[in-house]
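Heads up: the structure comes next, in structure tokens.
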Amino acid sequence: MSVQGTIERASGWLSNSATIKVMSIGILVLVLLIPGAMIKSLIKEREQRRNGVVHELNGKWGNSQTLSGPFISVPYLVYFQDSEGKEKKTTKLFHILPETLNISGTITPEKRYRGIYETVLYNAQLQFSGSFVLPPLSDMNIEPGNFLWDKAFFSVGIADLRGVRASIVVTFNEQSHACKPGLKSKDLAETGVGAFTGAILADQKNTFSFSLNLNGSEELNFIPLAESNTVQLASTWPSPGFNGAFLPESRTVNAKGFTASWKVLNLNRSYPQMWEGDQYQVQDSAFGLKLIVTADLYQKTTRVAKYAVMFIVCTFAAFFIAEITSGYRFHVIQYVLIGLAILLFYVLLLSLSEHFSFNGAYLTAAAAITLLIALYSKGILGSRRFAWSIAGILAAMHSFLFVVLQLEDYALVLGSGGLLAVLAAIMYITRNIDWHHLAVEADDEDESLPSSILQTRRGQAKLS
């Protein structure tokens, strides 16, 4: 056999070998993962842009709020000797937490828009009441005469003071005190308001009450500083997310809004009712709620994009089986175009969902790509039956994925079951194929093939 004949035979085997074809398709699928990763990066970029715009809008209204307190900080004198033996004194703070704290109020939500982006803002009307009881002076481990009780400072930690919408007047032991911005220290909170309340009564409860008109966005949290803490909230927002260290003791959520109540004891947290300086961190005990925007389109689009490989593999498998049954050899460029069309679905979904509802965007993008690939397959093979088959496969996969998105808790179970069904279907369809003696080829003059295929092959023969 001549060298030229050997080369031609090898070339023909490479062109018609089913094994080589499958390997080529596999490599192509891996190559298409690159633009797939670029699409995921685009989704992340759009999400970050949304977060930046939302953060800017929230900052002008009031960011997520965390309320600490109230608590009382009492200065006390500490005496020491310097390097020369002279007696010096300095002032430190002793923090006393309330015995009881009751918080009740309503949260009025409001959606605001900046361009195509949306954020949830709220105004909280809160009422605070409770009492302080001084512990025995012997428990403080400080000389009683060193305390400066007349300089006791009543403090309330507020995460973002830009959200305060009205003056805060504290009624302490039936006397009113206007709060001013600033805290004596950052031992319990970074920012907040406070007032000098005068002497604290040692032989009875020191009662307090005040109202807080507060703007914020997305989240509202509380830190349970009292021995007994109760919080009762109501709102018209229909989709709250209860988070933090403690869940509500009772709650009611429906389409008209929600009500929730918490009760937290000092035994439920890891810090005492009094201490010196910054010995303890209280932030880990925060609890509260988040006003959730249920349709987070970027999260949903990211979940959809994770199934891109399944769509590509299943569609390529359908075209490969069509090669086996029809005898027509699809060119690698045709596979590339089909793969890019599948990936375009995710770009369409992202762009449309930023302007319309996610479900409507999904339906529009899925219909457009399914129609595009079906018409392209009909143009290639000239077979309506094959075009309808491809359309049916894509429609079934898009419908399956849409159902998976709705069932968040069972998404993994349904997804794995769907993949099992797809694999079983492919194994069943190809069960009688003799892969050892299979060549993806056909007689050029086989009149059973569609006329478009025969015309294409005759044209190719003339060019050669």
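Answer with yes or no whether residue 75 is open to solvent by less than 30 Å² (accessible area, probe 1.4 Å), more than 27 Å from residue 219 (Cα to Cα) and at pLDDT 85 or above.
It is true that residue 75 is open to solvent by less than 30 Å² (accessible area, probe 1.4 Å), more than 27 Å from residue 219 (Cα to Cα) and at pLDDT 85 or above.
When you go through 280, 376, 362 one by one, which is the residue that is assigned to a helix (DSSP H, G or I), among the hydroxyl-bearing types (Ser, Thr, Tyr) and more than 30 Å from residue 112 (Cα to Cα)?
Being assigned to a helix (DSSP H, G or I), among the hydroxyl-bearing types (Ser, Thr, Tyr) and more than 30 Å from residue 112 (Cα to Cα) holds for just one of 280, 376, 362, which is 376.
Within region 157-171, is even one residue open to solvent by less than 30 Å² (accessible area, probe 1.4 Å) and under 15 Å from residue 95 (Cα atoms)?
Yes, some residue in region 157-171 is open to solvent by less than 30 Å² (accessible area, probe 1.4 Å) and under 15 Å from residue 95 (Cα atoms).
Quickly run through region 279-324 and pick out the residues that are open to solvent by 10 Å² or more (accessible area, probe 1.4 Å), under 26 Å from residue 360 (Cα atoms) and among the polar types (S, T, N, Q).
Answer for region 279-324, where residues must be open to solvent by 10 Å² or more (accessible area, probe 1.4 Å), under 26 Å from residue 360 (Cα atoms) and among the polar types (S, T, N, Q): 294, 299, 302.
Can you confirm whether residue 191 is touching a residue at least 24 places away in the same chain (Cβ under 8 Å), surrounded by fewer than 22 Cβ atoms within 10 Å (Cβ to Cβ) and either of a type in the set (Phe, Trp, Tyr) or touching a helix residue (DSSP H, G or I) at 6+ places or on another chain (Cβ under 9 Å) (or both)?
yes
Tally up the residues in region 404-413 that are part of a helix (DSSP H, G or I) and surrounded by fewer than 14 Cβ atoms within 10 Å (Cβ to Cβ), please.
Selection size over region 404-413: 3.
Got a sec? Which strands (runs of 3 or more DSSP E) wholly within region 174-230 have at least 3 residues that are under 18 Å from residue 64 (Cβ atoms)? Break it down into steps so the answer makes sense when it comes.
Details: elements: 175-178, 192-196, 206-217, 219-223.
In region 174-230, 206-217, 219-223 are the strands (runs of 3 or more DSSP E) which contain 3 or more residues that are under 18 Å from residue 64 (Cβ atoms).
Taking residue 274 as meeting all but one of (1) farther than 30 Å from residue 67 by Cα; (2) touching a strand residue (DSSP E or B) at 6+ places or on another chain (Cβ under 6 Å), write down the number of the exception.
(1)
Out of region 80-126, which residues are without any contact (Cβ under 8 Å) to a residue 40 or more places away in the chain, closer than 30 Å to residue 279 by Cα and part of a strand (DSSP E or B)?
80, 81, 87, 88, 89, 90 - these are the residues of region 80-126 that are without any contact (Cβ under 8 Å) to a residue 40 or more places away in the chain, closer than 30 Å to residue 279 by Cα and part of a strand (DSSP E or B).
Suppose we keep only residues that are surrounded by 15 or more Cβ atoms within 10 Å (Cβ to Cβ) and not hydrophobic (A, V, I, L, M, F, W, C) within region 352-372. Which one would you say is nearest to residue 405 (Cα to Cα)?
So the residue we want is 362.
Of the residues that sit in region 219-255 and are in contact with a Phe, Trp or Tyr (Cβ under 8 Å, 6 or more places away or on another chain) and of a type in the set (D, E, K, R), which one is nearest to residue 157 (Cα to Cα)?
249
Would you point out which residue out of 349, 343, 394 is closer than 25 Å to residue 118 by Cβ, open to solvent by less than 60 Å² (accessible area, probe 1.4 Å) and in a helix (DSSP H, G or I)?
Every option except 349 fails the conditions.
What residue, among those in region 131-146 that are in a helix (DSSP H, G or I) and more than 29 Å from residue 230 (Cα to Cα), is modelled with the lowest pLDDT?
138
Inside region 91-128, can you point out the residues that are surrounded by fewer than 17 Cβ atoms within 10 Å (Cβ to Cβ), among the small types (Gly, Ala, Ser) and under 20 Å from residue 223 (Cβ atoms)?
104, the sole residue that qualifies.
Could you tell me whether region 291-313 includes any residue that is over 30 Å from residue 370 (Cβ atoms) and either of a type in the set (Ser, Thr, Tyr) or in a strand (DSSP E or B) (or both)?
yes
Can you tell me which of (1) at pLDDT below 85; (2) farther than 18 Å from residue 314 by Cα is the one residue 414 doesn't meet?
Against the list (1) at pLDDT below 85; (2) farther than 18 Å from residue 314 by Cα, residue 414 comes up short only on (2).
For (1) among the hydrophobic types (A, V, I, L, M, F, W, C); (2) open to solvent by less than 30 Å² (accessible area, probe 1.4 Å); (3) at pLDDT 95 or above; (4) within 22 Å of the chain's Cα centre (by Cα), each residue gets a yes or a no:
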site	(1), (2), (3), (4)
203	no, no, no, no
207	no, no, no, no
217	no, yes, no, yes
226	yes, yes, no, no
235	no, yes, no, no
238	no, no, no, yes
243	no, no, no, yes
251	no, no, no, no
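Taking the conditions exactly as written (more than 22 Å from residue 392 (Cβ to Cβ), under 32 Å from the mean Cα position of the chain (by Cα) and of a type in the set (Ser, Thr, Tyr)), does residue 302 satisfy them or not?
Yes; evaluated as a whole, the condition is true for this residue.
The values are calculated or read from the model by the stated rules, or taken from the named source; none is laboratory data. Just so it is clear, the structure is predicted and the values come from calculations on it, not from any experiment. With ideal geometry, Cβ positions are generated from the backbone for all residues, glycine too; neighbour counts draw on all protein chains shown. Just the protein is used for accessible areas: all its heavy atoms, side chains included, with ligands, DNA and RNA removed. Shrake-Rupley method; radii C 1.70, N 1.55, O 1.52, S 1.80 Å.
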